[in-house]
Amino acid sequence: MTRIAAVETHMISVPRPQPVWTAHEESKAWNVILTEVRTDDGLIGYGEIHGAPMPRICEWVNRFGEIVRGMDALENVAVWEKLFALTSPRPGGIEGRDGLPPPVSRSERAQVMAAIAGIDIALWDIKGKAAGLPVYRLLGGENRPIFTYATGGYYRPNATNADYGQELARFLELGYRAVKLKTGAGTVAAEADRIGAVRRAIGDEPLLMLDMNAAYDLPDCIDFAHAVEPHRIFWLEEPLHWYLQPADFARLSAATPIPLAHGERELTRFTVRDFIVAGGIRYVQFDATRAAGFTEALRIAHLAEQHGAMLAPHTAPELHGHLVLAAPRCAFGVESHGGPQTDPLAHGIFREHPELRDGHLHLNDRPGFGLEVDWAFVDRNRLRA
């Protein structure tokens, strides 16, 4: 039996040259938590977590590492269920009669689900290495080119509409055939002008997605959708305020021909299910590095296929690409952020990155996720609590 022997975390942060904004949040750095799970027979698996606050997530990962120590590292579902059960009441839980911590505070669910994600992804890496297979082959998939797009257009001080157009046009020079623009921080009219400038800069052929970061209420979003429809928008991502629910998405979906994309901030398959079934979303963006891990992402892939939705996981293409390869009937593709200049963390943390050719990423055929950590890069950019 391959038993879990140790779990570690490494906080990594690369400062941005200047702060940038989505419609909602400022970003001063590229951040990730690298998780490392070791087994008693020498296997090492790596996972990624995108979440905050990073020190608190690491505390949960370390706490969970003690709970799962000695469990079979290949029984990823058993590990996942044991940790997920801590998020709800259970008989004897408040007395700790089963030797486990009391139910997790509701206020820390996001951090706990992020911690589960990091451990779970590392266990899938171990699972592939133990079998001598890439994760996509472990799931029955075949290696093939994976469609990808590049995200940019974060708001910058004093940047003009032409500047954003030039920025996204540069992605096309790298070989991308689709781009995504951050939007939603201005008025409907101002954003429509900005989007029009980007469309003119990239031309008619490339796909253009809009990432709105939950910018609008329902009436304003319907107005926004109508204003940008002439610019041939491929999808509206996270279009509605965070508190609006599948019923509101369904109304938006009925009001515009532009497809809706959503899911990166959902914590489990249960809420994603409702957005797929009742909310009319066409592109499912669940992020295994932000919540719940690869085990839950695989369940969501099955849900998407059953309901005619398409998989378009949020960020981390080096991991999510394996999920897309394993779900050919419902796979759209993965998200990238350009090359080393615009995504230095993703291109630096691992010695190799999926190769971009003609708008598609190509994964290698090494066991697990096929990723070798560049520890010199990690040490240079390590964030200490």
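The values are calculated or read from the model by the stated rules, or taken from the named source; none is laboratory data. The model shown is predicted, which means the values in this text are computed figures rather than measured ones. Every residue, glycine among them, receives a Cβ derived from its backbone with ideal geometry; neighbour counts consider all protein chains shown. Note: areas computed on protein heavy atoms with side chains; ligands, DNA, RNA excluded. Shrake-Rupley method; radii C 1.70, N 1.55, O 1.52, S 1.80 Å.
Whats the longest run of the chain with zero chymotrypsin sites (Phe, Trp or Tyr not before Pro) that are DSSP loop and have at most 16 other Cβ atoms within 10 Å?
Details: sites that count: Trp242, Tyr243.
For chymotrypsin sites (Phe, Trp or Tyr not before Pro) (loop position, at most 16 other Cβ atoms within 10 Å), the longest site-free span of the chain is 1-241.
Using the Cα gyration tensor of segment 287-385, with a ≥ b ≥ c the square roots of its eigenvalues, what is the shape: rounded (a/c below 1.5), prolate (a/b larger than b/c) or oblate (neither)?
It is prolate, given that a/c is not under 1.5 and a/b is the larger ratio.
Which GluC sites (Glu not before Pro) in segment 35-134 sit in a loop by DSSP (not H, G, I, E or B) and have at most 11 other Cβ atoms within 10 Å of their own Cβ?
In loop regions of segment 35-134 (DSSP not H, G, I, E or B), the sparsely surrounded GluC sites (Glu not before Pro) are Glu95.
Measure off, as a whole percent, the carbon and sulfur share of the 1.4 Å-probe accessible area of the chain, all protein chains present.
Exposed carbon and sulfur together represent 52 percent of the surface.
Only Lys, Arg, Asp and Glu count, each charged at its Cβ (+1, +1, -1, -1), so figure out the dipole size of the chain about its Cα centre, rounded to 20 debye.
Values: 39 positive and 49 negative charges, 54 e Å.
Computed charge dipole of the chain: roughly 260 debye.
Can you give me the orientation-averaged projected area of the convex hull built on the Cα atoms of the chain, in nm²?
18.4 nm²
Accessible surface of Asp379 in the full protein assembly, 1.4 angstrom probe, to the nearest 10 Å²?
Result for Asp379: roughly 90 Å² accessible.
How much accessible area per residue does segment 1-154 have, counting only protein heavy atoms and a probe of 1.4 Å, in square angstrom? Spell out each step's value before the answer.
Details: 6590 Å² over 154 residues.
Ligands and nucleic acids excluded, the figure is 43 Å² per residue.
³J(HN,Hα) across segment 370-380 via Karplus (A = 6.51, B = -1.76, C = 1.60, θ = phi - 60°), whole Hz, x for Gly/Pro?
Per-residue couplings from phi come out as x, 10, 10, 6, 8, 5, 5, 5, 4, 5, 5 Hz.
So what are the three principal axis dimensions of segment 101-179 from its Cα atoms, in whole Å, longest to shortest?
53, 40, 14
How large, in Å, is segment 111-241 by the Kirkwood hydrodynamic radius built from its alpha-carbon pairs?
17.1 Å
Which residues does a label at Leu133 reach in segment 340-376, if reach means a backbone N under 16 Å from a point 7 Å past the Cα toward the Cβ?
Within reach of a label on Leu133, which here means backbone N under 16 Å from a point 7 Å along Cα→Cβ, segment 340-376 contributes 365-370.
Identify which of Arg269, Arg106, Arg357 has the largest mean-square fluctuation in a Gaussian network model of the chain, with springs joining Cα atoms closer than 10 Å.
The residue with the greatest mean-square fluctuation here is Arg106.
I'd like to know how segment 47-154 sits against the 2.2 N^0.38 Å rule of thumb: what's its Cα Rg over that expected value? Mind dumping the intermediate values first?
Numbers: Rg = 16.8 Å, N = 108, 2.2 N^0.38 = 13.0 Å.
For segment 47-154, the normalised Cα radius of gyration comes out at 1.29.
Report Rg (one decimal) and Dmax (nearest whole number) for segment 225-293, counting Cα atoms only, units Å.
12.1, 38
Going by average Cβ density within 10 Å per residue, which order do the peptides 307-320, 186-199 take, highest to lowest?
307-320, 186-199
Can you sort Glu238, Glu167 by solvent-accessible area, 1.4 Å probe, largest first?
Details: Glu238 10, Glu167 30 Å².
Of Glu238, Glu167, the descending order of accessible area is Glu167, Glu238.
Just how much of His353 is accessible, in Å², when a 1.4 Å probe is used and the result is rounded to the nearest 10?
Approximately 50 Å² of His353 is accessible to the 1.4 Å probe.
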